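K.L.:
Pasting in a structure now, in structure tokens, and then I'll have a few things to ask.
The values are calculated or read from the model by the stated rules, or taken from the named source; none is laboratory data. Keep in mind that this is a model prediction, so the values were computed, not measured. Virtual Cβ from ideal backbone geometry, glycine too; neighbours counted across all protein chains shown. SASA here: full protein model, heavy atoms, side chains in, ligands and nucleic acids out. Shrake-Rupley method; radii C 1.70, N 1.55, O 1.52, S 1.80 Å.
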Amino acid sequence: MTITTITTTKIRPGALVRGSGGPRYAVALLVDALGTGLLRPFLLLYGVTVLRLTAPATGIAMTAGVVVGLVCMPAVGRWLDRGARSTVVAASMLVRVLGVALLLATPAGHVWPFATAALFLGIGNQAWPAAHAALVATVAHGRERDTALAAGRALRNASMGAGALLATACLAGGTTALQALAAVTGLAYLTAAALAWSVRLRAPSAATPAEGGEDGPAPRMRALLAANVVYAFCLNVPEIALPLVLVTQLHASPVWSAAVFVANTVLVVTLQVPVTVLMSRFSRRTVLALAGVVLAVSYLGFLAATALGHGWGAPAVAAVSVLCTIGEIVYAGSATALVTVLAPAHVLGRTLARFELSTGFGLAVSPAVITGLAPHGPAALWGSLAAATLLSAGAVATEKDRGTRLDGLDPHDRHGHSEPDIRAACATGLPVPPPVEGVSRRPR
């Protein structure tokens, strides 16, 4: 297997699959996301109906699982920097197998085993994004890396949506159906882990001297990490903020909330890759700042839509949600990609872990912030989100990249040339030498 360097921004399915880790890894992503879609949206329902726990106890246990799961991220980053790639991805899936097994073994009325199961599920869910991004960053370079990350997100959303639809159709079976869905989820995670492990991809460890001068310190990214906490709120807007506004403030039918969620999923699946390719003509930092502006404008649009009241308010909110989803797509297509090019190779894992830690923190606190602001009126909710997101976009745009990167350029960007070659050409005025087409993967 070789590490491919693609120099165009066209969508080429074959190269995209290779750049995403190969066919087996793509199948692993699909199976893993399908299993996640079967159980994750209904975990609260499982705790309440199958285990007969109170809703507050179930919610607290799930939240604690997510928050405590964030603690594992520094260890995940160090493991990745020792060269592990597919092994970490497989481990994140196997941890969730253990979580599902504990869930199935939990007796009714016992909250602590359920909390432990939620913890293992949370660890797997938090560790997977950083491990996946590190694997893709090892396989693909340049803008093909961005497109491969976008394709992985689109595939994951499609598979999770299919799993959720299948689970919804099975809910008529009651508690037995929920237990069966949990068992199938565990099998899906186990299958996906085996497929991911079989890829057997490693990278040079941090102890190996980096080539091309990529052995600088880890980027600080303080503004980027702080801004990402606010940016991550957009991922919970379709699931938490909009249903809350539509049902409690506009008194609209729950059908509108379902329609917004379905539209969000469909748009992400169909537009994530094309929009990422379209934005590849601009720098990643510029695109990320633009995403903040789009999200802030959509939040102001929600504020205007809610002012219409019952009747036209719900359709207006649904229409503005399309703009919010576009902002989410632009954000998701540029944020992780920017982090992968800012980080020197030997600290890529720890840098990605820090970034995913900020994302996880944003996702963890956003439900409390959104539900806390909503009772104070639309202006408090949407105005605060818009202001915070605009400030975050400004911080992203003005932060200066430090280290060996050329303003955050990928070391194999600009038609596949390496950064040292670009620097030498800038200093001497000579043509940039031809790029190397591929780099053999190190043996395991």
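K.L.:
Across the range 203-357, what fraction of all alpha-carbon pairs, as a whole percent, falls in each successive 5 Å bin from zero upward?
P.N.:
Percent of pairs per bin, in order: 1, 9, 17, 17, 15, 13, 10, 7, 4, 3, 2, 1, 0.
K.L.:
I would also like to ask the following. May I ask you to rank Arg96, Arg24 by accessible area, largest first, using a 1.4 Å probe over the protein chains only?
P.N.:
Listed by decreasing accessible area, they come as Arg24, Arg96.
K.L.:
Still on this structure, I have one more. Any chance you could check the Cα centroid distance between the range 261-331 and the range 54-69 for me, in angstrom?
P.N.:
29
K.L.:
Right, next: Can you work out the accessible area per residue across the range 279-320, with the rest of the protein chains kept in place, probe 1.4 Å, in square angstrom?
P.N.:
43
K.L.:
Quickly rank 318-324, 33-39 as a protection proxy: mean count of other C-beta atoms within 10 Å, highest first.
P.N.:
My ranking of the peptides, most packed first, is 33-39, 318-324.
K.L.:
How big, on average over all directions, is the shadow cast by the Cα convex hull of the range 270-390, in nm²?
P.N.:
Projected over every direction and averaged, the Cα hull of the range 270-390 covers 8.4 nm².
K.L.:
Pop out the carbon and sulfur fraction of the accessible area of the range 16-85 as a percent, whole number, probe 1.4 Å.
P.N.:
Result for the range 16-85: 74 percent of the exposed heavy-atom area is carbon or sulfur.
K.L.:
Using packing as a proxy for protection, rank 69-77, 182-190, 120-128 so that the peptide with the highest average count of other Cβ atoms within 10 Å comes first.
P.N.:
So the order, starting with the most tightly packed, is 120-128, 182-190, 69-77.
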